[in-house]
Amino acid sequence: MMKNFSGSPLHSNNQTSNHFRERNNKQHCLLWAVPLRFSLRGYGFCMATLFLFCFGSLFYQLNGGPPEILLGIRQYLGKSTYLDDHRQPPPGVLPFPSQVVYNRVGKCGSRTVVILLRLLSEKHQFTLVSSDIHNKTRLTTYEQVDLMKNITNIPQPYLYTRHVHYLNFSRFRVEQPVYINIIRDPINRFVSNYFFRRFGDWRGEQNHLIRTPSMKDDERYLDINVCILENYPECSNPRVFYIIPYFCGQHPQCREPGVWALERAKQNVMENYLLVGILEELEDVLVLLERLLPHYFTGVLDIFKSPHFMKMGNMTGTVRKHTPTLEALQVLYHRMRYEYEFYDFVRNQFHLTKKKIGLKSISKPPAYPPAFLQELARRTQEPLEEDEELDSDLENANSWLVQS
C-alpha cells in the first residue's frame, strides 16, 4: 500500500521550514539591496556637493570674490541663517574698524588728505604709516604677500596709505582691511600731472628741475596739444588708463583699457571700499569720512578750514598749467572713455551715499561734461599736490599742531 507522504507530519514540517527559509532569504536580500541603493545615492550626492564647494571656493580665491552663480544662489535662497533668525538683530552702528588702507591715486588730492591724517593721528592716537614708495603700484605675488604681512603687523588701530593698486588680502587668507579712496575728473588729473612732472608747484620750479634731471628740454617743454594730437606715449593708452587699475587690482588685465578692468573696478568699489569720494566735492568727502570713520576723522573739517592749513595749500598749486585746445580735449576724452565711465559710476555712488546719510549739498557738475566741453575752465580747486616732498610738509604740519 502506497502511503501518502504529503499529509505526513514530517513532510509538512519540512515544507514549512523551507518556506520560512526562502522568505527570510528574500527579506535579507531586499534589506541588503535597499541600504546599498541609498548609500550609492548618498555617496554621489556628497561627492557632487563637495565638488561644487571646492570649485566655488577655488573660483572665489582666483577671482578675488564670489562668482556670479554663488551670488545668485545666495540671493535666491536668502541671506538669513539659523543664528540670524534666533538672535537679536545687530546694531545699526558701524563698528570701529582698526585697519584702514588708503591706496591713494596720484594727483587726486592725496597730499591734502595725508597731511590732514598726520594731524589727526596725533589728535586721535592711531598709527599712520605713509609709504615713501611712489612709483611702484604693480607688485609681484611675492611682493603682495610681503606688503600684506608688513601692513598687518602695524600696531592697531592703523591707517596705511600708499600709491598702490588694490590688494586683495582675502585671496591670501589675510584679514581684509577697510579701503577708502578719492578720485578726480580724469582729464583734470591728467593735465595736472602733465605739468607737475615738468614744472612742479609754487614752492619753487627750480627745485623741481633739480628733481627731474633726466628729463630733456624737448620733453619738458613739449606742448600738451602736440603730445595729445600726435599720440605721444605719455598722452595715449595705456598711460592715460590710470585711475581704473587702482581699483581693479594686481591682475595683468587690470592694466589693459577695456570693459573687463572697468567692471572689476566697479565691483571692488561696491564690495571692498567703504567710501570712494571725488575731489571736486572734497569738503563733502571729509564730512562723510568723519561720519563713517569718526575714530580717525573727527574734527577734520576744523583743521581743513583753518587759515594755517589753507596757507599751506596755497603754495602747492601746479605752475604753468593751461587748458588744452578743444580738439585735443575731444581726442583725450575719447581715449579716456573707460576712465570717464568709471568716474561717473563713482560719482553717482558718492552722491547716493550722501543722500542715504542725509548730507545735503550742492553738487558741482563734472569739469568736462560730455555735452561737450562747452566750458573749458577747470572747476576743481587746486589741492595740495603729489607726495615727493611730503616729509617736509608733515614737519610743517606737525609744528603747526604743536603751536595751535
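Any read-out appearing in this document is the output of simple, stated calculations on the displayed coordinates, not a laboratory observation. Not measured: the values here are computed from a predicted model. Because the Cβ atoms are built from the backbone with ideal geometry, glycine has one as well, and the counts that use them run over all protein chains shown.
Between the beta carbons of VAL226 and PHE51, assuming R0 = 56 Å, the FRET efficiency works out to 0.40 to the nearest 0.05.
From the phi angles alone, apply the Karplus equation (6.51, -1.76, 1.60; θ = phi - 60°) to segment 97-103 and give each ³J(HN,Hα) in whole Hz, x where the residue is Gly or Pro. Values per residue, Gly and Pro as x: x, 9, 9, 10, 10, 10, 8 Hz. The stretch between THR325 and THR127 holds 66.7 nm of extra length on full extension. This uses 0.36 nm per residue minus the Cα-Cα distance. Working ranking of peptides 123-129, 269-275, 140-146 by packing, defined as the average number of other Cβ atoms within 10 Å per residue, highest first, is 269-275, 123-129, 140-146. Modelled this way, with points 7 Å down the Cα-to-C-beta line, the labels at SER214 and VAL259 are 3.9 nm from one another.
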